[in-house]
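Structure, as structure tokens:
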Amino acid sequence: MIGDALLSRLVRILVHPATVLAGLALTIALGQILGQSFWVTLATRAAILALAALSLGFVLGQGGLVGFGHAAPFGLGAYAVLIAGELGVREILVLLPAAFAAAALFAAATGALALRTRGVYFIMITLAFAQMAYFVFAGVSALGGDDGMSIAGKATFLGAKFLRWDVNTAWLALGLLTATFLFLSRVQHARFGRVLAAARDAEERVAALGWSVYRVRLVAWILAAGLAGLAGALMAEQTGFVSPALMNWHRSGELIVMVVLGGARKLSGAIVGAVVVVLVEEFLGGVTEYWKLGLGVLILAVVLTRAVDLSALLRRTAR
Amino acid sequence: MIGPILVLDDLVKSYGALKVTDHVTLDVGAHEIHALIGPNGAGKSTLVGEIAGTVAPDAGRVVFAGEDVTAFDPARRARRGLARVFQTSRVVPGFTALDNCMLAAAVTDGSAYRFLAAMAGEKRTAERARAALDRVGLADRADVLAGSLAHGEKRALELAMGLVQEPRLLLLDEPMAGTGRTETERLTELLASLEGEVAMLIVEHDMATVFRLARRITVLISGAVAITGSPDEIRADPTVRAAYLGGEVAR
């Protein structure tokens, strides 16, 4: 039927990454014009979590590495901003690389061990490392311990107080998300991404060809963590506050939910999933404190209907 | 005279009380086609694993191209020029035949750490991959997903992936397993045409293939080398006939 085809096409356009990114941009722009700061805040939060989910989606979808500790590099990026602030560094062009590096270093050390395991052991060991990071920061009273700590002032851009305005933080988050998406889309089709994906489906084969699967995975793992660190730094900038809760295992789980909900095989799935979760949390969360029940139902629907992702589910329901 | 490409020096491997590799010593000449045969459970697969690097021997050495590679992982051995063709097809199902072949060709064309340039645009690698597909008769199947290829085609693709690595030794683990008669004959002729170009160690049940290709044959029984010799010597050996070949070689 023509109606079905039309609806199916509509769904496809709706979950297209360009649509989602444009939607976020429009929300930020309209929020600023109409003076709705809440819209800007919501879009920023969505963009930041989408960046974190995207980085996880890359290793999970392309690499087949189900890491259950992605909140750790995310939180480390935020703590890098906090610590740099305590040391008097507030320049965003220093903060972002520092956040990337902190998260990447953590991933290099923990990944070198974790990537020697497979399957459920990998899930558990990544969770364990993330929990270790959580408790380490919860224990450092100089950084606020369990309660966390406020960041010393807003960041500057080349010395200018650029990020004093929330809308600039929003554009920065959306810009980084877009750039990361375009970058990872290139990586996916470049050698590195192809070897990574091939190793996901036929590890022994790829190794027998002469590719060092372990090393390729480790590099992907470090890259993904670094990008999550960027997201964490942005989160710290947006909220002006950093606490160990950023590294809570709930957040690691939430990031996986975003990736799976949007569809792990496509890079854009993580972005779609993150935006949907943020919207569900915001609007269902406003109606009932049991909003997670709604999210649970959505996940169940995706899994039980054997739709691999949200767009497939929507297309199926549309039919 | 060039030294042997592969030397197995007194390899031992046990699983518990079971000795699956029992002091195996074996060499494959620089351009030799060497066959490894033996009844089921003789330890052929374990030996293949020990050569490829997926199984660590308890004792003994694997020497490849004059270098002790016993401690090398499979990837490192592959980069030294050891190409493995698996017993059951292990092609990447979601990649096209051409992409599988390019994945194999790319190893000798630079590193994995290229992040921006699309792999599909790598002309030299693609040309080599197409040439290899052409050689095994898969040229017109290049754009088919490897997972959708027929069984025989997958075997041919495995072989193309082995060839495109430009190896010094092709390690073929039952390359004819599950292929039809005509397909087997075609692949056998293809392998025969490669003689002098690349050394081969071929583990195979199909005796017609073994006696057509091999210059020397090693018979493995209960993990130990029973005899190594020319096809004629193997045919004539009474213990081999009794233990394994039976009437098969008598025809």
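Using a probe radius of 1.4 Å on heavy atoms only, what accessible surface per residue do you get for the stretch B:71-202? Whole Å² is fine.
In whole numbers, the stretch B:71-202 has 39 Å² accessible per residue.
What is the magnitude of the charge dipole of the stretch B:122-185 about its Cα centre, with +1 placed on the Cβ of each Lys and Arg, -1 on the Cβ of each Asp and Glu, and no other charges, expressed in debye to the nearest 20?
So the magnitude is around 180 debye.
Residue A:265: accessible area at probe 1.4 Å, nearest 10 Å²?
150 Å²
What's the angle, to the nearest 10 degrees (0 to 90), between helix B:123-135's Cα axis and the longest principal axis of chain B?
Roughly 50 degrees, rounded to the nearest 10.
Ignoring ligands, DNA and RNA, what percent of the accessible area of chain B is carbon or sulfur (1.4 Å)?
52 percent
Using a Gaussian network for chain A with springs between C-alpha atoms less than 10 Å apart, which of these wobbles most: A:102, A:245, A:220?
The residue that fluctuates most here is A:245.
Give the cross-link partners of residue B:19 among the lysines, using a straight C-alpha distance below 17 Å as the criterion and excluding same-chain residues fewer than 8 apart.
Counting by Cα, and skipping residues close in sequence, residue B:19 has these lysines nearby: B:44.
For B:70, B:88, A:44, write out the residues from largest to smallest accessible area, computed with a 1.4 angstrom probe and no ligands counted.
B:88, B:70, A:44
Please report, in debye to the nearest 20, how large the charge dipole of the stretch B:153-251 is about its Cα centre when each Lys and Arg carries +1 at its beta carbon and each Asp and Glu carries -1 there.
200 debye
Of B:208, B:24, B:95, which is farthest along the charge dipole of chain B in the positive direction, counting Lys and Arg as +1 and Asp and Glu as -1 at C-beta?
Most positive-ward Cα: B:95.
Each label point is 7 Å from the Cα along the Cα-to-Cβ direction; what then is the distance between the points at residue A:291 and residue A:185, in nm?
Roughly 2.9 nm, to one decimal.
Can you say what percent of the DSSP beta bridges in chain B, counting only those with both residues inside, are antiparallel? Round to 5.
So the antiparallel bridges in chain B amount to around 55 percent.
Say the dipole of the stretch A:169-290 comes from +1 at the beta carbon of Lys and Arg and -1 at that of Asp and Glu; which of A:250, A:172, A:208 then lies farthest toward its positive end?
Sorting the options by dipole projection puts first A:208.
Distance in nm between label sites at residue B:40 and residue A:249, each 7 Å beyond Cα in the beta-carbon direction?
4.6 nm
Could you check which residue among A:74, A:283, A:241 shows the biggest mean-square fluctuation in a GNM of chain A with a 10 Å Cα cutoff?
A:283
What residue among A:142, A:274, A:50 shows peak mean-square fluctuation when chain A is described by a Gaussian network model with Cα springs under 10 Å?
The residue that fluctuates most here is A:142.
For a quick check of understanding: with a 1.4 angstrom probe and all protein chains in place, what accessible area in square angstrom does residue A:239 have, to the nearest ten?
80 Å²
Please give the per residue accessible area of the stretch A:118-267, computed with a probe of 1.4 Å over protein heavy atoms only, in Å².
39 Å²
Taking the Cβ-Cβ separation of residue B:215 and residue B:166 as r and a Förster radius of 30 Å, what is the calculated FRET efficiency to the nearest 0.05?
0.90
What percent antiparallel are the DSSP beta bridges of the protein assembly as shown, to the nearest 5?
55 percent
Just how far, in whole angstrom, is the stretch A:75-117 from the stretch B:154-178 if you go by their alpha carbon centroids?
Computed from Cα coordinates, the inter-centre distance equals 45 Å.
Residues of the stretch A:14-93: accessible area per residue at 1.4 Å, in Å²?
32 Å²
To the nearest 20 debye, what charge dipole does the protein assembly as shown have about its Cα centre, counting +1 at the Cβ of each Lys and Arg and -1 at the Cβ of each Asp and Glu?
With only Lys, Arg, Asp and Glu charged at Cβ, the dipole is about 1120 debye.
Given a Förster distance of 30 angstrom, what is the FRET efficiency for residue B:17 paired with residue A:120, based on the Cβ-Cβ distance and rounded to 0.05?
That gives a FRET efficiency of 0.45.
Show me you know the interface measure: the accessible area buried between A and B, both chains summed, probe 1.4 Å, in Å² to the nearest 100.
Rounded to the nearest hundred, the buried surface is 2600 Å².
Using the Cα centre of the protein assembly as shown as origin and beta-carbon charges of +1 (Lys, Arg) and -1 (Asp, Glu), tell me which of B:111, A:27, B:170 is placed farthest towards the positive end of the dipole.
Checked the options; the winner is A:27.
For residue A:5 and residue A:132, compute 0.36 nm times the residue count separating them, minus their Cα-Cα distance, and round to one decimal in nm.
Computed gain between residue A:5 and residue A:132 is 40.7 nm.
Whenever you get a sec, line up A:289, B:67 from highest to lowest accessible area (probe 1.4 Å, protein heavy atoms).
So, going from the largest accessible area down, we get A:289, B:67.
What aspartates and glutamates does residue A:161 reach when the alpha-carbon gap must be under 14 Å and sequence neighbours fewer than 8 apart in one chain are set aside?
Correct list for residue A:161: A:91, A:237.
Name all residues of the stretch B:202-228 having a backbone nitrogen under 13 Å from the label point set 7 Å from the Cα of residue B:193 along its Cα→Cβ direction, giving them as ranges.
None, by backbone N distance to the label point.
The values are calculated or read from the model by the stated rules, or taken from the named source; none is laboratory data. All values derive from a computational prediction rather than experimental measurement. In this analysis, Cβ positions are derived from the backbone assuming ideal geometry, glycine residues included, and neighbour counts consider all displayed protein chains. What goes into the accessible areas is simple: the full protein's heavy atoms, side chains included, and nothing from ligands, DNA or RNA. Shrake-Rupley method; radii C 1.70, N 1.55, O 1.52, S 1.80 Å.
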